[in-house]
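Notes follow once the structure below has been shown.
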Amino acid sequence: MVSTLPGALARTKAVGIALAALMALSGCNSSPAAESNAARSEATGSGADQATVIRVIDGDTFEASINGEQKTVRLLNVDTPETKDPNAPVECMGPEATKGLEQLLPVGAKIRLELDVEPLDKYGRTLAGVFDSAGKLVNAEIARLGLGVPVLFEPNKKFYPPVVEAFDEARARGVGLNSSVVACLPSQEVAIAAQAVETLVAAPLSDSAADLDRGHAGLVAALATVAALKAEAKDGIHWAAYKTTQVSAMLNRLDSAATTGAAKQAAIGAKKKELADAEAAAAAARQAAETAAAGAAAAEAERIRNLPPAPAPYVPPAPAPYVPPAYVPPAYVPPAPAPNPYPGYNGPRCYAPGGKTWTPCSKR
């Protein structure tokens, strides 16, 4: 949890100035050492540095009983992920940091507090180096677990070197905030976000406007994540866990993803315009065809309207009833007598078979 020590410094300086002015009016003088001792006394209660752990609040803050008075203690020169900010979600590895401090400072543990130049922060918390019963610096031990990063707010810097050394060990072991398998840490988030953009960039441009819209929406979401990670890199506690070269490599990948993603968005926009233009041209062609068809239909209707009236349909005459002709037998006309082949002969005739020819019977 980040503490705003510069504010505490300003507050302490203001108090010192006021005290100096008051003492000057009363004819008294005050040395810087005396003022520091007074502040330390206010922080720990009568200058005592022994305390008993009451409860752990988060990874870098706990409550302790100091000479029978309950006070909140903030570990100096180490910062752990946030878990108690009402205006922010629980940060990655925050619960693990809290659990780590609970193991280092179990309830009832006897500890020793050692203050630095500024004994209090603006929230009234005691700023201290905390030593367990074995003499280990808890500030450094939470960093050695990889659960807190070194942080320096002048003028309190006494415990910064051992915290840095301890965190370098955690970084070498790849534990805690240096892990390569915790999905919510920047190294994994950068890889996931960049890969999401790279996958969308590699996808071919579709001829479907709906597919293009989905691809664009995906890029918007992925690029928003990229932008958020780049912004977080400026002051995020999780990014402070990495070496400068690691941060530079991750930022380069994010920059590359942002550049290629923006280019793909432009390509999607151009493709959508191309499809829209083609659709508009097709619609215009359809409209022209429909207009032409409507004009042809109107012309045909006009032609038909102007045709002469159609002739009346032909009705064939009804057939006359059949009356058969009356039968009139032909008049009998007897055949003309065959000429006599034997002129002057009037005797008996002998006819040949069939009765058409004859000869005088006397000649038979």
Compute the long axis of helix 32-44 from its Cα atoms, compare it with the longest principal axis of the Cα atoms of the chain, and write down the angle in degrees, 0 to 90, nearest 10. 60 degrees
Quick check: the angle from helix 186-202's long axis to the longest principal axis of the chain, C-alpha only, nearest 10 degrees? 20 degrees
Answer in debye to the nearest 20: the dipole magnitude of the chain about its Cα centre, from +1 Lys/Arg and -1 Asp/Glu charges placed on Cβ, is 3180 debye
What is the set of long-range amide H partners of Gln50 at a cut-off below 5 Å, with H atoms built 1.01 Å from backbone N? Leu113
Could you give each residue of the stretch 89-101 its phi-based ³J(HN,Hα) in whole Hz, using Karplus coefficients 6.51, -1.76, 1.60 with θ = phi - 60°, and x for Gly or Pro? x, 4, 7, 4, 6, x, x, 5, 5, 4, 4, x, 5
Span from the the stretch 186-223 Cα centroid across to the the stretch 245-272 one, whole angstrom: 10 Å
With Cβ to Cβ distances under 14 Å as the rule, what net charge do the other residues near Pro186 carry (K, R +1; D, E -1)? +1
If you count, for each residue, the other Cβ atoms within 10 Å and average over each peptide, how do 52-59, 167-174 line up from highest to lowest? 52-59, 167-174
Looking at Ile66, Thr244, Pro360, which one has the Cα that reaches farthest to the positive end of the dipole of the chain (charges on Cβ: Lys, Arg +1; Asp, Glu -1)? Pro360
Let me know the charge dipole size of the stretch 136-197 about its Cα centre in debye, to the nearest 20, where only the beta-carbon of Lys, Arg (+1) and Asp, Glu (-1) is charged. 140 debye
Gain upon complete extension [Tyr342, Ser248; 0.36 nm per residue less C-alpha separation]: 17.9 nm
Could you work out which residue, out of Ala249, Ala298, Ala276, moves most in a Gaussian network model of the chain, that is, has the largest mean-square fluctuation with Cα springs under 10 Å? Ala298
Among Glu118, Glu302, Glu154, the residue with the largest mean-square fluctuation in a Gaussian network model of the chain built from Cα contacts under 10 Å is Glu302
Per-selection Kirkwood Rh - the chain (Cα, Å, 1 d.p.): 30.3 Å
Taking other Cβ within 10 Å of each residue's Cβ, how do Arg144, Arg303, Arg253 sort, fewest first? Arg303, Arg253, Arg144
Once both axes come from the Cα atoms, what is the angle between helix 209-235 and the longest principal axis of the chain, in degrees from 0 to 90, rounded to 10? 10 degrees
List the residues, sorted by chain then number, that are 5 or more residues from Glu82 or on another chain and whose placed amide H is less than 5 Å from its amide H. Glu91
Under 17 Å from Lys71, Cα to Cα: lysines that are on another chain or at least 8 residues apart: Lys110, Lys122
Considering only Leu223, Val149, Ile111, whose Cα is most displaced toward the positive end of the charge dipole of the chain, charges sitting on Cβ of Lys, Arg (+1) and Asp, Glu (-1)? Leu223
Listed residues Val107, Val328, Val151, most fluctuating in the chain (Gaussian network, C-alpha, under 10 Å): Val328
Which of Glu114, Glu274, Glu141 has the fewest Cβ neighbours within 10 Å, and the rest in rising order: Glu274, Glu114, Glu141
Is there a quick way to get the dipole size of the stretch 117-225? I mean about its Cα centre, with the Cβ of Lys and Arg at +1 and of Asp and Glu at -1; what is the value in debye to the nearest 20? 480 debye
To the nearest 500 deg cm²/dmol, what mean residue ellipticity at 222 nm is calculated for the chain from DSSP H runs of n ≥ 4 alone, each contributing -39,500 (n - 2.57), summed and divided by the residues? -16500 deg cm²/dmol
Run the reach check for Lys264 against lysines, Cα to Cα strictly under 26 Å, same-chain hits fewer than 8 apart removed. What comes back? Lys230, Lys272, Lys273
Below 13 angstrom from the Cβ of Glu279, what's the summed charge of the other residues (Lys, Arg +1; Asp, Glu -1)? +1
Once the dipole of the chain is set up with Lys and Arg at +1 and Asp and Glu at -1 on Cβ about the Cα centre, which of Pro325, Met93, Pro186 lies farthest towards its positive end? Pro325
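Every read-out reported here was derived from the displayed coordinates using simple, explicitly stated rules and does not represent laboratory data. Predicted model only: the values in this text are computed from it and were never measured. All Cβ positions, glycine included, derive from the backbone under ideal geometry; neighbour counts span all protein chains shown.
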